[in-house]
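Asks: Have a look at the structure that comes next, please.
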Amino acid sequence: MSDDNAKVVHAIALVNGTPFTDMPVDLYIPPDALEVFLETFEGPLDLLLYLIRRQNLDILDIPIAAITRQYIAYIDMMAEMRMELAAEYLLMAAILAEIKSRMLLPRQEAAEAEEDDPRAELVRRLQEYERFKTAAEELDKLPRCERDVFELGGADTSTVTVRKVYPEVDLQDVLLAFTEVLRRAERSTHHRIVREPLSVRERMSSVLARLKDKPLLAFTELFNRREGRQGALVSLLAILELCKERFIEIIQEEPLGELFIRVPQAAPA
């Protein structure tokens, strides 16, 4: 076997089924065919804020000389790649140079005490920009329609049975409602000559009878203000006893809402 036949040909490209093993001599690759942007900024203030935060500098005490040097190095690089975006950055560079010059000029002690810090206006603009930027980032995190959530249209929901889940009623809620009943009962005062005995069992029967006529009763409807505190206490004991025996149940339409009394509903199969 000859040496030529023993060589293995490796193609660097395949064009219309024809393999190419050598790089074309006249191949031209423009210098900006591939650009990688490591950091993108929305403006000169965004760039300044990035330079300050990257070095954990105090925004109220900006080292103008160091920040200006880094800023100029960045816009020099940007001007080579994207000249049309350099104008507003050059304006900020001029402002930084002016501030740096004002800080380098010798000043008398009396004038120095009265004159404001040359960086004050820049610090104010940076702080204001940072507040708006943080607010925009927080808004962007919120769910957005057609990005995070999508509307479902055309679905037939008429056959869907939704079972409402009521919040659990705590004994504390019942006692708070009973306190309001007592407060109302105290407003209605009258004299009694003969005390009528009040029976918890009779009151339990009365509550069940009322539920037959009206399946859902407000908690306060089961108390008669004319009976005073004693009658209110008997009604409360009757309600609690019926709940204990599971003849009735106490529900709320929503947490911390009004209490209602009803006959327990059968659980769906």
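We did not get these values from a lab; they are worked out from the coordinates using the rules stated. A quick note: this is a predicted structure, and the numbers were derived from the prediction, not measured. Note: ideal-geometry Cβ built from the backbone for every residue, glycine included; neighbour counts use all protein chains shown.
Asks: Among the lysines, which have Cα under 29 Å from the Cα of Lys133 when same-chain residues fewer than 8 positions away are ignored?
Replies: Lys100, Lys141
Asks: To the nearest 0.05, how large is the calculated FRET efficiency for Leu105 and Ala136 if R₀ is 51 Å and r is the Cβ-Cβ distance?
Replies: So the FRET efficiency works out to roughly 0.85.
Asks: Additional query: Can you tell me the length gained on complete extension of the stretch Glu221 to Glu98, counting 0.36 nm per residue apart and subtracting the Cα distance?
Replies: My answer for the length gained is 36.4 nm.
Asks: Taking neighbour Cβ counts within 10 Å as the exposure measure, how do Cys145, Cys243 sort from fewest upward?
Replies: Exposure proxy ranking, most exposed first: Cys145, Cys243.
Asks: Modelled label-to-label distance, Glu258 and Leu175, 7 Å Cα→beta-carbon offset: nm?
Replies: According to this spin-label approximation, the distance is 2.4 nm.
Asks: I would also like to ask the following. Give, in nm to one decimal, the length gained when the segment between Asp213 and Leu237 is fully stretched (0.36 nm per residue of separation minus the Cα-Cα distance).
Replies: The Asp213-Leu237 span can extend by a further 6.5 nm.
Asks: Quick one: go through the range 164-180 and flag any residue whose amide nitrogen is under 20 Å from the point 7 Å out along the Cα-to-Cβ line of Glu249.
Replies: 164-175
Asks: Quick one, can you get me the convex hull of the C-alpha atoms of the range 200-269 expressed as volume per residue in Å³?
Replies: Working: hull volume 7.2 nm³, N = 70.
That works out to 103 Å³ per residue.
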